[in-house]
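Shown next, in C-alpha cells, is the structure this report addresses.
Where a number appears in this text, it was derived from the coordinates with a stated rule and is not lab data. No experiment lies behind these values; they were computed from the predicted model shown. Reconstructed Cβ throughout: ideal geometry from the backbone, glycine too, with neighbour counts over all protein chains shown.
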Amino acid sequence: MRLNMPISERERSVPADQRLVSATDTRGIITYCNDLFVEVSGYSREELIGSPHNLVRHPHMPAAVYAHMWEYLQAGKSWMGIVQNRCKNGDHYWVSAYVTPILDGGRVVGYESVRMRATPEQVRRAQALYARLNRGQPAAPLSEKLGVLARFLLLPVLAAVLGPALWLAGHAGAGIALLALLGLGQALVTMAFVKRAMLKVAMAAPKAFPASWWRAPTPTTAARWRVCSWR
Ligand SMILES: Cc1cc2nc3c(=O)[nH]c(=O)nc-3n(C[C@H](O)[C@H](O)[C@H](O)COP(=O)(O)O)c2cc1C
C-alpha cells in the first residue's frame, strides 16, 4: 500500500459541472487523463501518464475500498464509490467515481474512471465509514444492525407471541385484532423503508430519473435521517 505524504487539511474544490477522467491499463498504470484531472491533481501530465494510479492515493482511504474496486473490475463489473484523492501538494478533493472496464473485442484492455464532485452528504457518510474501516471496525455499527433487525423483526415477533397467547387465554378476538394491527404496522414500516431506499437511489443518480418521479427530502427530513441510525 503506497503512503503518499505529507497531507494538509485543505480541500481543493472540484467544479460541479465537470468530470475528472482518467484511464489505465489492466495493471492500473495511467494511460490517459483529461485536462481537469491534471489540473486538480497538481501533477503535470508527464508525471501522471505512465505512473501507477496510486500516485494520487490519499492515506486516509482504506485499503478495503480499493480491494473492493479491483475485485469488481477484475470480475468485468463496474464500480462506484466515493474517493478522496491527494493532490501533489498534500491538499485533497472528494469525488464520486464510476470506474468501468474498457473492452476491445470482448477482451478487457484497461479501465476508465469518470469522477464528479461528491456532495457534502456523500463526503460526510464516506468519512464516517472510512474512519470505521481504518480503525478495523465493521462497516456498519452494531447499533445500526440492531436497528435494522428490530425494524423487521420486532412487530412480527410480538405478533407471533402475543396473538396466540391472547387466543389461548380465551381472548381469540383480541388475538386476531392484535395480529392484524401488528401486520399492518409492519407493512407500513416496510413501505417507508422501501420508499426511502428508492429515494436514496434517485438522489445518488438524480439525472437517471425524471424529476417528476421523485422529490428530494426537505432539510428537516434530511436532518432527521442523519440523526437516525438507519441510513
Ligand atoms: C481506472 C482506475 C482509476 C483509479 N483511480 C484512482 C484514484 O482516483 N485514486 C486512487 O487512489 N486510486 C485509484 N485507482 C486505484 C489504484 O490503482 C490503487 O489500487 C489504489 O490507489 C490503492 O493503491 P495501493 O495499491 O497503493 O493501496 C484507480 C484504478 C483504476 C483502474
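Any chance you could count the Lys pairs in the chain whose alpha carbons are under 29 Å apart, treating pairs 8 or more apart or on different chains as valid? Close lysine pairs found across the chain: 7. Residues considered: 177, 16, 159. Largest GNM mean-square fluctuation over the chain, using C-alpha springs under 10 Å, is found at 177.
Between residue 55 and residue 78, what FRET efficiency follows from the Cβ-Cβ distance if R0 is 22 Å, with the result rounded to 0.05?
On the way: r = 23 Å, r/R0 = 1.02.
The calculated FRET efficiency here is 0.45.
Rounded to the nearest 20 debye, the dipole magnitude of the chain is 580 debye, with +1 charges on Lys and Arg beta carbons, -1 on Asp and Glu beta carbons, and the Cα centre as origin.
Adding -39500 (n - 2.57) for every DSSP H run of four residues or longer, then dividing by how many residues the chain holds, sets the calculated 222 nm ellipticity at -15000 deg cm²/dmol.
Net charge near residue 189, counting Lys/Arg +1 and Asp/Glu -1 over other residues with Cβ under 15 Å of its Cβ? Computed value for this residue: +3.
Charge dipole (Cα centre; +1 on Lys/Arg Cβ, -1 on Asp/Glu Cβ; no other charges) of segment 20-134 amounts to roughly 400 debye.
What is the distance in Å between the Cα centroid of segment 164-195 and that of segment 104-119? Cα centres, segment 164-195 to segment 104-119: 49 Å.
Divided by 2.2 N^0.38 Å, where N counts the residues, the Cα radius of gyration of the chain comes to 1.35.
At full extension, residue 131 and residue 200 could sit 22.6 nm farther apart than now, given 0.36 nm per residue minus the alpha carbon distance. Taking 0.36 nm per residue of sequence separation and removing the Cα-Cα distance, the residue 181/residue 18 pair yields an extension gain of 53.5 nm. Panel values: segment 1-100, Kirkwood radius from alpha carbon pairs, Stokes-Einstein at 37 °C and 0.692 mPa s, translational diffusion coefficient 236 µm²/s. Positive end of the dipole of the chain (Cβ unit charges, origin at the Cα centre): among 201, 161, 75, the Cα lying farthest that way belongs to 161. Which shape class applies to segment 64-153: rounded if a/c is under 1.5, otherwise prolate when a/b exceeds b/c and oblate if not, where a ≥ b ≥ c are the square roots of the Cα gyration tensor eigenvalues? Oblate shape, in that a/c is at least 1.5 and b/c is the bigger or equal ratio.
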